[in-house]
Protein chains: 2
Amino acid sequence: METPSVNPEQAAPVSVTAAILVVGDEILSGRTKDKNIGYITEFLTGAGIDVKEVRVVPDEEERIVEAVNALRTRYDYVLSTGGIGPTHDDITADSVAKAFGVGIEIDQRAVEAMTRHYGGAANLTPARLRMARIPDGAELVDNPVSAAPGFMLDNVIVMAGVPNIMQRMLDNAILKMRAGAVTLSDSVSPGPGIGEGAVAEPLAAIAQAHPEVSIGSYPSFGPAGFQTQLVIRGKDAAKVAAAKADIEAMVATIKR
Amino acid sequence: METPSVNPEQAAPVSVTAAILVVGDEILSGRTKDKNIGYITEFLTGAGIDVKEVRVVPDEEERIVEAVNALRTRYDYVLSTGGIGPTHDDITADSVAKAFGVGIEIDQRAVEAMTRHYGGAANLTPARLRMARIPDGAELVDNPVSAAPGFMLDNVIVMAGVPNIMQRMLDNAILKMRAGAVTLSDSVSPGPGIGEGAVAEPLAAIAQAHPEVSIGSYPSFGPAGFQTQLVIRGKDAAKVAAAKADIEAMVATIKR
């Protein structure tokens, strides 16, 4: 297939990177199965933001501070989930403030949102007010579900751990983020009985011939035995299509 | 409740720690939803091994080497999943060898197992033989599903990414690991309508009064509104029970 000429922007697509930081002993113990990593990675990929690393750390200030500082200096954005509730084990906001070396105090914008939600200032117990503590200089990330906000401090976005609250916060947080060139994805499925072993050698040659796309082989094992899906990912549609065509031609020779 | 005297082992329980390293672009893109982290954390917790960190990194040698070296020096064990298949993007074994500064070559024990599985040496294509490459000095971790083995090099255990293969490898790997004192877990559920805000203050006091257990509050949001589960974790049954009793008494006062 002939590759059409591409415009300069396609030739040099913008890459925006992110890391995800999941905070919570309950995830590390296996008691709670994380549902946020898969959601956030898929959401950001669709927005042209490439997730390059995920870390899960316990509810320990030193560990959260260390991870925030390691990730925020390395990627364009860090998105955290968990640890911003009202209880003693919710220490993410304090840890992020410490990572940046800034103060943290009760934020009046958060207090107003929570006052409306809880039906009056009288219902803002000290525990609930704890959720209004925001690091100095942070923008709020609205929480339409339960009012207590997340926040964005520099390039670090702090969200709740409860999935349906995190998802609404992410809808708001994405508006504050730069979008990159979306990574396009296409795939070829050789079908049952054709495992990775059968395609590995020609696939490696095709991968070498198409350096500007990433080609992955994702095996699965089911009733029909082994099969694999060959996935082509890249930011240039023409280059993804060219690699796909070569893979389809290769698979056809195997099937014969 | 009176705390019974505990024997020295309970008083000073053995702690064994682990980290999980998930390797794979497909997890970071959201295309594949990880099913291994939740399984491994629950499995190791049941074996008395405390998972203290999880990282997900891309199929990039430098990133895998960096993560392996960061984690293996910090925790008793590192368990990795993914990147040990036959295709060009399977680079975990080479990366682990590089992290340890050892060589990697075709392992005859692996060749024999794979020869049986594939019905003769003639079927061991170069791609399949790639799966027999094991870092020098590693023990094999048997793979009863598809023969190509995982391995254990020092304190790093390398397993497949396909969940049902990983799970069988983990059954074999655990036999090579030291077990620690199992962390016991119990919980109190205040029930619908009692959210974290209502229990946060007395719960913090109870947590302070029981420093040898960890007390977490895990909120959820459903049709019945907010509720939370209060979880007590510790290695001493009597201390977990004592904290649970105090939490139940506290919750009873809220319900009244």
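In this simple spin-label model, placing a label point 7 Å from the Cα along the Cα-to-Cβ direction at both A:Thr253 and B:Asn123 gives a separation of 2.3 nm.
Looking only at chain A, where both bridge partners belong to it, what percent of the DSSP beta bridges are antiparallel (to the nearest 5)?
Numbers: 23 of 40 bridges.
DSSP beta bridges in chain A are roughly 60 percent antiparallel.
Considering the rotation that superimposes chain B on chain A, the residue of B whose beta-carbon lies nearest the axis, and that distance in Å, is B:Arg55, 3.
Quick check on region B:60-115: take the gyration tensor over C-alpha atoms, sort the square-rooted eigenvalues as a ≥ b ≥ c, and tell me if it's rounded (a/c under 1.5), prolate or oblate.
Values: a/c = 2.01, a/b = 1.65, b/c = 1.22.
Since a/c reaches 1.5 and a/b is larger than b/c, the shape of region B:60-115 is classed as prolate.
Amide H contacts of A:Leu79: A:Ala19, A:Ile20, A:Leu21, A:Ile157, each under 5 Å away and 5 or more positions distant or on a separate chain (H built 1.01 Å from N in the peptide plane; Pro and chain starts excluded). Neighbouring Cβ atoms from other chains, within 10 Å of the Cβ of residues in A:145-155, number 1 on average. Residues of region A:178-200 whose accessible area, computed with a 1.4 Å probe over protein heavy atoms, drops by at least 30 Å² once all protein chains are present relative to their chain alone are A:Glu196, A:Gly197, A:Ala200.
Across identical copies of the chain, A:Leu140 has label-point separations of 6.2 nm, listed in ascending order, with the point defined 7 angstrom from Cα along Cα→Cβ.
By DSSP, the beta bridges lying fully in the protein assembly as shown are antiparallel in about 60 percent of cases.
Counting only the Cα atoms, region B:184-252 fills a convex hull of 66 Å³ per residue.
Past the 31 Å Cα-Cα mark, which pairs from A:Lys52/B:Lys244; B:Lys52/B:Lys239; A:Lys239/B:Lys33; B:Lys33/B:Lys239; B:Lys35/B:Lys239; A:Lys33/B:Lys176? If you can, show how the numbers build up before the last one.
On the way: A:Lys52/B:Lys244 41 Å; B:Lys52/B:Lys239 22 Å; A:Lys239/B:Lys33 26 Å; B:Lys33/B:Lys239 37 Å; B:Lys35/B:Lys239 33 Å; A:Lys33/B:Lys176 26 Å.
Too far apart for the 31 Å limit: A:Lys52/B:Lys244; B:Lys33/B:Lys239; B:Lys35/B:Lys239.
Counting only Cβ charges, +1 for Lys and Arg and -1 for Asp and Glu, the dipole size of region A:84-207 around its Cα centre is about 420 debye.
Sequence-ordered 3J(HN,Hα) estimates for region A:236-248 from the Karplus curve with 6.51, -1.76 and 1.60 and θ = phi - 60° stand at 10, 4, 5, 6, 5, 5, 5, 5, 4, 4, 5, 5, 4 Hz, glycine and proline given as x. Residue by residue along B:48-55, Cβ atoms of other protein chains within 10 Å of the local Cβ number 5 on average.
Helix B:36-46 and the longest principal axis of the C-alpha atoms of chain B enclose an angle of approximately 60°.
Counting Cβ atoms of other protein chains within 10 Å of each Cβ in A:115-121 and taking the mean gives 0. Backbone geometry of region B:182-189 corresponds, through the Karplus equation with coefficients 6.51, -1.76 and 1.60 at θ = phi - 60°, to 3J(HN,Hα) couplings of 5, 7, 7, 9, 9, 8, 10, 10 Hz, x marking Gly and Pro. Once backbone amide H atoms are built at 1.01 Å from N, B:Ser187 has B:Ile232 as its partners under 5 Å, excluding neighbours fewer than 5 places away on the same chain. Here region B:42-83 is scanned for amide nitrogen atoms under 15 Å from the site 7 Å beyond the Cα of B:Glu139 along Cα-to-Cβ, giving B:77-79. If you run the Gaussian network model on chain A, springs between alpha carbon atoms under 10 Å, then out of A:Gly24, A:Gly46, A:Gly216 the most flexible one is A:Gly216. Taking the label point 7 Å along Cα→Cβ, A:Val102 and its counterparts in the other copies are spaced 4.7 nm apart, in ascending order. Interface B-A: total buried accessible area of about 4600 Å², 1.4 Å probe, protein heavy atoms only. Comparing A:Asn69, A:Asn123, A:Asn36 in a Gaussian network model of chain A, where Cα atoms under 10 Å apart are tied by springs, the biggest mean-square fluctuation is seen for A:Asn123. Compactness check for chain A: Cα Rg over 2.2 N^0.38 Å is 1.25. Starting from the label point of B:Glu212 at 7 Å along Cα→Cβ, the same points in the other copies fall at 6.5 nm, in ascending order. Summing Cβ point charges (Lys, Arg +1; Asp, Glu -1) relative to the Cα centre of region B:8-176 gives a dipole of roughly 320 debye. If you average the C-alpha positions of region A:33-88 and of region B:102-165 separately, how far apart do those two centres end up, in angstrom? So the two Cα centres are separated by 34 Å. For region B:19-24, 3J(HN,Hα) computed residue by residue from phi via the Karplus equation (6.51, -1.76, 1.60; θ = phi - 60°) reads 10, 10, 10, 9, 10, x Hz, glycine and proline entered as x.
The values are calculated or read from the model by the stated rules, or taken from the named source; none is laboratory data. Small disclaimer: the values here were computed from a predicted structure and weren't measured. Virtual Cβ from ideal backbone geometry, glycine too; neighbours counted across all protein chains shown. Just so you know, the surface numbers come from the protein's heavy atoms only, side chains and all, with ligands and any DNA or RNA stripped out. Shrake-Rupley method; radii C 1.70, N 1.55, O 1.52, S 1.80 Å.
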